[in-house]
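The values are calculated or read from the model by the stated rules, or taken from the named source; none is laboratory data. Worth saying up front: this structure is predicted, and the values here are computed from it rather than measured. Note: ideal-geometry Cβ built from the backbone for every residue, glycine included; neighbour counts use all protein chains shown. Accessible surface is based on the protein model in full, side chains and every heavy atom, while ligands, DNA and RNA are left aside. Shrake-Rupley method; radii C 1.70, N 1.55, O 1.52, S 1.80 Å.
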Amino acid sequence: LKIIPSQGSQENLQRLNDPTFKADVGFVQVGATDGTNSSKLVSLGSIAYQPMLIFYRGLTNFNFLSDLRGKRLAIGPIGSGTRSFALTLLHTNGINGGNATVYELDADPAADALLAGKMDAIFLMGDSASTKVMRPLMLNPDVQIFSFTQADAYTRRLNYLNKLQLPMGAFDLGKNIPAQNVTLIGPTVEILARSKLHPALSDMLLEAAQVVHGDAKMFQRKGDFPAPLEYTVPLSQDAVRFYKNGKKFLYGAFPFWLASLLSRVMVSFVPLVLVLIPTIRAIPALYKWRVRMVLNRRYRLLLAVEREARTHMTPERLGELNARLDGIEQTVNKTKVPASFADQFYNLRGHIQFVRAKLTSPSAVK
């Protein structure tokens, strides 16, 4: 496994969409794909909630994001999911570069700037808001955490968002920090992959995600993730199969190299078998149809001779019909038919003799 550092969701998405960049899988914040062509990507599902944490200076509570108009805001570095989501939230509240001062700072310098009074508010996502970054902010009496009183409205307007709750005392039970429940909102993080990702790798990634992200955490219960949540990027068929039935039997029963080889063989062989089975089953029917057509053709010739025998006959005409009948008989005698057509074959020969008898009767020549 080769881990490639990046600035965050936006850069991961750009790299996955770039066919010249060597990357197979990326962690992308849901919502970051809006307005981006992701037709060649598939999702393996979501692995965690990604709450937005907004810290601000002052003793007065901010009830709405629109209260940040005219403030100095650190929204995360370029290419990060933090910046993308922060801009989305600010735009929905009518805040832009014209009525607020925006700084593209990473988590550590943004927190230091807020503590030093150089910022009025900072935006941090769950992945960038480590305990090391958040603890000084939570313990500082001049810094407060923003509670989304309009969380329900946000989740309805941006349907990929989730309403989350930071419990009272979550950071420090003894000091009761925070002093009350804090309502947060945030998207999930999903695993995106190129559509040609090998099914075995898809299974292995999701199996690892169950181990890493399956336990209970601050914002999730045990077993909540990974989850087959589908948003703007469709779930891969391999992921759908994994969530429904688990990993492929081959990868559980055989070593990886052997299971991978057998899987590739089956991918090529099974479709071939599915095509060959109806073809093989059709061969006997086609053969019977061909034999039946051969016999019917001889019957048509025999019927023609019999019809002509009913008309006015001369010795010359009678000789011609006998010659035609001999030709039909010789052809029938050389025809090879299966035993299942023996009754029709002998019936045809009997009918030839029937017509011959009519031609040799004294009344044949008139």
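Taking the criterion of being loosely packed, with under 12 Cβ neighbours inside 10 Å and not β-branched (Val, Ile, Thr), the residues of segment 298-318 that qualify are Arg300, Arg307, Arg310, His312, Pro315, Glu316.
Scanning for something part of a helix (DSSP H, G or I), charged (D, E, K, R) and surrounded by 13 or more Cβ atoms within 10 Å (Cβ to Cβ), does segment 271-291 turn up at least one residue? Within segment 271-291 (the criterion being part of a helix (DSSP H, G or I), charged (D, E, K, R) and surrounded by 13 or more Cβ atoms within 10 Å (Cβ to Cβ)), the answer is yes, since at least one residue qualifies.
Applying the criterion of at least 1 residues that are in contact with a Ser or Thr (Cβ under 6 Å, 6 or more places away or on another chain) and farther than 21 Å from Leu41 by Cα to the helices (runs of 4 or more DSSP H) found wholly in segment 162-255 leaves 249-253.
Looking at Phe21, Phe62, can you tell me which residue is among the aromatic types (Phe, Trp, Tyr), modelled with pLDDT of 90 or more, surrounded by fewer than 21 Cβ atoms within 10 Å (Cβ to Cβ) and assigned to a loop (DSSP other than H, G, I, E, B)? After applying the criteria, what remains is Phe21. Just one of (1) more than 18 Å from the chain's Cα centre (by Cα); (2) open to solvent by less than 10 Å² (accessible area, probe 1.4 Å); (3) over 17 Å from Leu124 (Cα atoms) fails for Met52. It is (3). Take segment 218-240 and flag every residue that is without any contact (Cβ under 8 Å) to a residue 12 or more places away in the chain and either open to solvent by 60 Å² or more (accessible area, probe 1.4 Å) or of a type in the set (Lys, Arg) (or both). Once the filter is applied, which keeps residues that are without any contact (Cβ under 8 Å) to a residue 12 or more places away in the chain and either open to solvent by 60 Å² or more (accessible area, probe 1.4 Å) or of a type in the set (Lys, Arg) (or both), segment 218-240 yields Arg221, Lys222, Gln237. If you go through segment 122-136 and pick out every residue that is out of contact with any helix residue (DSSP H, G or I) (no Cβ under 6 Å at 6 or more places or on another chain) and modelled with pLDDT of 90 or more, you end up with 1. On inspection, Ser39 passes the criterion of being of a type in the set (Gly, Ala, Ser), surrounded by fewer than 18 Cβ atoms within 10 Å (Cβ to Cβ) and within 32 Å of the chain's Cα centre (by Cα). Is it the case that some residue within segment 290-310 is in contact with a strand residue (DSSP E or B) (Cβ under 8 Å, 6 or more places away or on another chain) and among the aliphatic types (A, V, I, L, M)? So far as segment 290-310 goes, no, none of its residues is in contact with a strand residue (DSSP E or B) (Cβ under 8 Å, 6 or more places away or on another chain) and among the aliphatic types (A, V, I, L, M). Within segment 137-156, the only residue that satisfies the criterion of being in contact with a Ser or Thr (Cβ under 7 Å, 6 or more places away or on another chain) and assigned to a helix (DSSP H, G or I) is Ala151. If I ask for residues that are open to solvent by 60 Å² or more (accessible area, probe 1.4 Å), in contact with a strand residue (DSSP E or B) (Cβ under 7 Å, 6 or more places away or on another chain) and either part of a loop (DSSP other than H, G, I, E, B) or at pLDDT 95 or above (or both), which ones from segment 24-36 would you list? Listed by number, the list holds a single entry, Asp24. Here Ser202 meets each of (1) open to solvent by 60 Å² or more (accessible area, probe 1.4 Å); (2) more than 21 Å from Tyr160 (Cα to Cα); (3) touching a strand residue (DSSP E or B) at 6+ places or on another chain (Cβ under 7 Å) with one exception, condition (1). Among the residues making up segment 193-218, those that are among the hydrophobic types (A, V, I, L, M, F, W, C) and under 20 Å from Val28 (Cβ atoms) are Ala193, Leu197, Leu201, Met204, Leu205, Leu206, Ala208, Ala209, Val212. Please verify whether segment 82-97 includes one or more residues that are open to solvent by 60 Å² or more (accessible area, probe 1.4 Å) and either part of a strand (DSSP E or B) or in contact with a His (Cβ under 7 Å, 6 or more places away or on another chain) (or both). Within segment 82-97, none of the residues are open to solvent by 60 Å² or more (accessible area, probe 1.4 Å) and either part of a strand (DSSP E or B) or in contact with a His (Cβ under 7 Å, 6 or more places away or on another chain) (or both).
In segment 99-120 there is no residue matching the filter, namely being assigned to a loop (DSSP other than H, G, I, E, B), at positive phi and buried (at least 21 other Cβ atoms within 10 Å of the Cβ). Filtering segment 159-185 down to residues that are surrounded by 17 or more Cβ atoms within 10 Å (Cβ to Cβ) and aliphatic (A, V, I, L, M), which residue is farthest from Glu230 (Cα to Cα)? For segment 159-185, the residue satisfying everything is Val182.
When Arg264 is tested against (1) in a helix (DSSP H, G or I); (2) touching a strand residue (DSSP E or B) at 6+ places or on another chain (Cβ under 9 Å), just one condition goes unmet, and that condition is (2).
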